[in-house]
1. Out of [x] 21.0; [y] 24.8; [z] 21.8, which label holds the value of Kirkwood radius over Cα pairs in Å that was computed here?
2. Which value in nm describes the separation of the simple spin-label points at residue 238 and residue 261, placed 7 Å from the Cα toward the beta carbon?
3. Report the extension gain between residue 178 and residue 12 in nm, rounded to one decimal, defined as 0.36 nm multiplied by the number of residues separating them, less their alpha carbon distance.
4. Would you pull out the residues with amide H under 5 Å of residue 170's amide H, same chain only if 5 or more places away, H placed 1.01 Å from N?
5. Given 20 °C and 1.002 mPa s, how large is the Stokes-Einstein diffusion coefficient of the range 142-329 in µm²/s, with Rh as the Kirkwood radius over Cα pairs?
6. Length gain on complete extension for the stretch residue 203 to residue 268, per 0.36 nm per residue less the alpha carbon to alpha carbon distance?
7. Cα-based count: Lys pairs in the range 142-329 below 24 Å, eight or more positions apart or different chains?
8. Place a point 7 Å from the Cα of residue 80 along the Cα-to-Cβ direction; which residues of the range 53-71 have their backbone N under 20 Å from it?
Amino acid sequence: MTNSDWGTRLEASYQLADSIMKDRATSFYQAFGNLPKDRFRGVAAIYAFCRFADDTIDAVGEPGAHSLDEARKILDQLESAVLAIHSYSGDVSDQQIFARLKAADDAWLWWAAFEDTVRRYTIPLDRFINQIDGQRMDADFNDIRDDSELVLYGRRVAGSVGTMLLPLLADDGRDTDDEGWIEACENLGVGMQITNILRDVGEDLRARNRVYLPETRMTEYGVSRDVIERLSCHKDPKTTATLIPQSFIDMWESLATLADQYYAAYESYLSWFHPNCRVALVAAALSYRAIADAVRKDKYNCFSSRCYTSAATRAALVLEAKRRVKRLV
């Protein structure tokens, strides 16, 4: 493969990653659009990796999708490919990345941009392995036993994303190996993931037969899986809301309080992030926390409808984010 051929393929790969993020994560795409071009392209490449890993498992059972065994093999191949990134030396154009990863398979065409980003920003590979391990937890899903398993799952599938992106979102000259900063980014992802779980209880059960609510919490508050299954079967939101027991609401609020504990730490590192992404980062955190308020406003109906924040609320949160950045930085 000549340098010219490699350059053409790499550019096409970055363009594909960009289109994946634009199509599948509009808010994410807009949030980081003001980053310098190279960093933004890197964010898109990392997103493409996460999207591929997540879709590999979540699509199982859908028409035309991989079987569970095939999905497991893809995750194994993905892990092997990630671990191979730092085992090669010399001119990247001689490595024939596409030959190693099924050149004819369009599903892998984002890989060149991803590998180029990981190399360029020296992102530790264990952060990507954590993401793959999180997808394996979904592939071989067992009910979440307690808070520690819930947090572990959140660290792998969402906290890992924050740590992957940290080198791309860091201000110039910052030490991206700082343990406190890494943990703060990881914790933000955990908080967001718990919020996602609290929003999508019914959808997770109907679409994937998964209940992410910890068994110990359910036992403590007297909430059975049967109750969750019955509520998830109702299609009319108004009817569903009237059937939600106080025991579920109390348990839901206890988990919302747990999520809140993971949101706060990143703000003390706000000045460490690139100036062009600070407002977007704060706005994203505020928007996720506002999802909990949207569920409350919908009388805790996280079963038959997905709760969203309104456009007006999101606009107000962006203004609040700007105020916070100005005050904290």
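1. [x]
2. 4.0 nm
3. Between residue 178 and residue 12, full extension yields an extra 56.4 nm.
4. 274
5. The diffusion coefficient I find is 123 µm²/s.
6. So the chain would gain 19.9 nm between residue 203 and residue 268.
7. Value for the range 142-329: 4.
8. Taking a point 7 Å out along Cα→Cβ of residue 80, the residues of the range 53-71 whose backbone N falls under 20 Å are 53-54, 56-57, 66-71.
Just so you know, all these numbers are worked out from the coordinates, no wet-lab data involved. Bear in mind that the values here come from a model prediction, so they are computed numbers and not experimental data. For neighbour counting, all protein chains shown are included, and Cβ atoms are generated from backbone atoms with ideal geometry for every residue, glycine included.
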